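Here's the structure we're looking at; comments come further down.
The values are calculated or read from the model by the stated rules, or taken from the named source; none is laboratory data. Bear in mind that the values here come from a model prediction, so they are computed numbers and not experimental data. As a convention, Cβ positions derive from the backbone with ideal geometry for all residues, glycine included, and neighbour counts pool all protein chains shown.
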Amino acid sequence: MTSSKAATVLPIGVGYGVVVGIGFFFAFLMWGISYLQNQYTGFNTRSSEEFNTASRSVKPGLIASGIVSAGTWAATLLQSSTVAYSYGVAGPFWYAAGVTPQILVFAILACKVKQNAPRCHTFLEVIQTRYGTKTHWVFICFALLTNILVASQLLLGGSAVVTALTGMNVYAAIFLIPLGGCVYVVLGGLRATFLCDYSHTTILMIVMLYFMFSVYTTNPLIGSPAAMYDLLQQAALKRPVPGNRDGSYVTLRSHLALVFGCIQVCASGGAIFLDQAYWQRAIASRPATAVRAYLLGGIAWFAIPFGFASAMGLAAVALADHPRFPTYPHPMSASQITAGLTAPFAASTLLGQGGALALLIVLFMAVTSCASAELIAVSSILTFDVYKTYVRPTATAEQLIFVSHVMICVFGVTMAVFACCWNAIGIQLGWLFLVMGLLIGGAVFPVAFAITWAGQTRLGAVCGALGGLLAGVTAWLVTAQQCYGQITVETTGREYPTLAGNLAATLTGLILSVALSHWKPERFDWELTRALNKGRDDSPSEDKKRMGGPNEEVEDSVKLRGAFKFAWIASLLLGFIFCFLIPAPMYLSSYIFSQRFFTAWILIAFIWAFVSAGVSVVLPIVETMSFFRGLVREIVADLGGRRRVVAEN
Ligand SMILES: NC(N)=O
């Protein structure tokens, strides 16, 4: 059986129904919400500030939910399950532990952007103000490359699964998946993506918990941590994991998982620090609560790859020899694994058509909510950094909104075209995921320093980014040639070449930036970026009031200094716990989990999933309850002939 036929358990109509039907359902919902927002609140989607920054007024729970959503790619569900299938329990752990510290560290950048450039629309505006046009263009290219790689990965992974489960044409899936997202982002702007992020994340949490409960409590094929443990022990005898202690699936002493963890740390640094979607969430948040939102978002996100893959990836290992497994009696092929089909195969084995449908829905939710974040992120770069800076500096609010709308559509088509190209030349999700970091990693430290370190010079920033790219690509190709004797798609997607490339890119970027900035030192005056866009926003008066007068700014700056310290301490402490304190003793002692320890490990995954649901599903509701009560009162009053405008408090 080919990879596309092996698990086709759903009719093709279900594929179109999910992709088009659910997409347009949310587009229609957003149309209604945008109408109510414009009619009854002080936030108007026809204001460019509201469209691109949500009036910088969003509360931490909704921002945290947006961070969870922007960080939940197709790969977060599919690649995490792939590494669980390939390396056992260490795979999901390193998938999550490699990314979470970067989100936590981003809390520091979120705080700094509020302190040093409180009115910017994109992080690239800060780079333009500090370093001028040529450097601005270098980093625009890195930012767009990041968005293209992330967005095309979403469509590549999403379409591979839709095609495998329903038989839908892969190119139709690639073009139809982002369509509904384009429509609702055009209708509602950044606030719409937050609301859809929220609803999508809620559905994602429900389905993830459904899978976790099925695997570990009710499913007759597994049904308990003890049964899973026994099946994993049997799998280790038949298919031992290369590089793991005794070939075991239940140990963190996994050499290749550690290599993957290092790649993940480098790649996610780039994918977070260079992705305008993360900056946009910092920009949209209230100054005093931005740090809290990122810390909550990072901790909540951890549960998704950790919980999902500890259920679905390990279930695929446990059930690979079951007659219901789609590839039975053969193991999954390398191509099926790298295409991300581990979780779909596990879902259809465990739960038949219902499982396949649930997986299709959860993946569609993850892909569309992250794609919508990428759409509005790229649109804001093209609108503010290209159109407003270089084409029409005197653009009116109407022109900016029009260009934002056009750019959303342009990027929707662009991400689909790139995904089609990857598909046509045989590049799959796993390859793109591992290679991404070596292409963008060089720019990670230069971008982080651009907003945090007054001493980084233009030479340091540009040479760090470009030198990192050159070093990354060179190390990658040379290692592939040295290790495997040839440079092919297969050899360049293996662990060691991608590890060499990721490390070389990130470290070269760091070393060049620091060394060259100390060679000819300069100090930047942050007052220049603090003045960026001062008196130039087009937000309506209601929004301006909410954005704070002078007293509020002073209060914010005091709170920001405290938040900055807190962000440093919390991110370093949690990063140390995730990347060292938990894994190091278990790796160094070559510990193989006992059945009780494995049960406790899974229990922690469940508890974390509930905490994550609390942060990203319950907290936003609690925070906005009074706003919605006011909104309902106004709608009722309006229907009765009286009318006022509701402001979020
Ligand atoms: N966001 C990631 N790397 O899943």
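Figures for the structure shown
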{"quantity": "Residues being more than 24 Å from Asn423 (Cβ to Cβ) and either outside any helix (DSSP H, G or I) or of a type in the set (Val, Ile, Thr) (or both) - total across the stretch 134-154", "calculated": "3"}
{"quantity": "Flag if Thr202 is in a helix (DSSP H, G or I) and surrounded by 24 or more Cβ atoms within 10 Å (Cβ to Cβ)", "calculated": "no"}
{"quantity": "Residues of the stretch 287-325 classified as assigned to a loop (DSSP other than H, G, I, E, B) and surrounded by fewer than 22 Cβ atoms within 10 Å (Cβ to Cβ), total", "calculated": "4"}
{"quantity": "Residue, nearest to Pro521 (Cα to Cα), within the stretch 456-488, restricted to residues that are among the polar types (S, T, N, Q) and out of contact with any Phe, Trp or Tyr (no Cβ under 6 Å at 6 or more places or on another chain)", "calculated": "Thr457"}
{"quantity": "Qualifying residue in the stretch 271-278 (condition: crowded, with 23+ Cβ neighbours inside 10 Å, within 21 Å of the chain's Cα centre (by Cα) and either closer than 23 Å to Ala605 by Cα or polar (S, T, N, Q) (or both))", "calculated": "yes"}
{"quantity": "Near pairs, Cβ below 8 angstrom, 6+ apart or cross-chain, from the stretch 264-284 (in a helix (DSSP H, G or I)) to any residue that is within 13 Å of the ligand (Cβ to nearest atom) and charged (D, E, K, R)", "calculated": "Ala277/Glu374"}
{"quantity": "Test: Val215 is under 27 Å from Thr100 (Cα atoms), among the aliphatic types (A, V, I, L, M), in contact with a helix residue (DSSP H, G or I) (Cβ under 8 Å, 6 or more places away or on another chain) and in a loop (DSSP other than H, G, I, E, B)", "calculated": "no"}
{"quantity": "Qualifying residue in the stretch 110-120 (condition: at pLDDT 90 or above, of a type in the set (Val, Ile, Thr) and within 16 Å of the ligand (Cβ to nearest atom))", "calculated": "no"}
{"quantity": "Residue that is outside any helix (DSSP H, G or I) and either away from the ligand (no atom under 16 Å from the Cβ) or not aliphatic (A, V, I, L, M) (or both), where the choices are Pro242, Pro178", "calculated": "Pro242"}
{"quantity": "Boolean, Ile401 is within 16 Å of the ligand (Cβ to nearest atom) and assigned to a helix (DSSP H, G or I)", "calculated": "no"}
{"quantity": "Any hit, the stretch 306-315, residues being within 16 Å of the ligand (Cβ to nearest atom) and at pLDDT below 95", "calculated": "no"}
{"quantity": "Filter pass, Tyr87 being under 30 Å from Gly313 (Cα atoms) and not aliphatic (A, V, I, L, M)", "calculated": "yes"}
{"quantity": "Tabulated pairs, the stretch 407-425, first under 26 Å from Lys388 (Cα atoms) and without any contact (Cβ under 8 Å) to a residue 40 or more places away in the chain, second of a type in the set (S, T, N, Q) and buried (at least 19 other Cβ atoms within 10 Å of the Cβ), C-beta under 7 angstrom, 6+ apart or interchain", "calculated": "Met407/Ser379; Met407/Thr383"}
{"quantity": "Long-range neighbours under 6 Å by Cβ, at least six apart or interchain, first residue touching a residue at least 60 places away in the same chain (Cβ under 8 Å) within the stretch 26-43, second surrounded by 15 or more Cβ atoms within 10 Å (Cβ to Cβ) and among the charged types (D, E, K, R)", "calculated": "Tyr40/Glu634; Gly42/Glu542; Phe43/Glu50"}
{"quantity": "Flag if Ile621 is surrounded by fewer than 19 Cβ atoms within 10 Å (Cβ to Cβ), closer than 25 Å to Ile63 by Cα and touching a Phe, Trp or Tyr at 6+ places or on another chain (Cβ under 9 Å)", "calculated": "yes"}
{"quantity": "Residue ranges of helices (runs of 4 or more DSSP H) in the stretch 18-99 with at least 1 members closer than 21 Å to Cys370 by Cβ, of a type in the set (Ser, Thr, Tyr) and within 16 Å of the ligand (Cβ to nearest atom)", "calculated": "60-71, 74-87"}
{"quantity": "Subset tally (residues that are under 19 Å from the mean Cα position of the chain (by Cα), under 23 Å from Phe273 (Cα atoms) and either among the charged types (D, E, K, R) or more than 16 Å from the ligand (Cβ to nearest atom) (or both)) for the stretch 416-444", "calculated": "3"}
{"quantity": "Any chance Ser379 is in contact (Cβ under 8 Å) with a residue 60 or more places away in the chain, surrounded by fewer than 24 Cβ atoms within 10 Å (Cβ to Cβ) and away from the ligand (no atom under 16 Å from the Cβ)", "calculated": "no"}
{"quantity": "Test: residue in the stretch 361-377 that is outside any loop (DSSP other than H, G, I, E, B), over 17 Å from the mean Cα position of the chain (by Cα) and not acidic (Asp, Glu)", "calculated": "yes"}
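Quick grid of which residues meet (1) buried (at least 24 other Cβ atoms within 10 Å of the Cβ); (2) of a type in the set (Val, Ile, Thr); (3) in contact with a His (Cβ under 9 Å, 6 or more places away or on another chain):
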site: Val138; (1), (2), (3): no, yes, no
site: Gly157; (1), (2), (3): yes, no, no
site: Leu165; (1), (2), (3): yes, no, no
site: Val170; (1), (2), (3): no, yes, no
site: Leu176; (1), (2), (3): no, no, no
site: Gly180; (1), (2), (3): yes, no, no
site: Gly188; (1), (2), (3): yes, no, no
site: Ala192; (1), (2), (3): yes, no, no
site: Leu195; (1), (2), (3): no, no, no
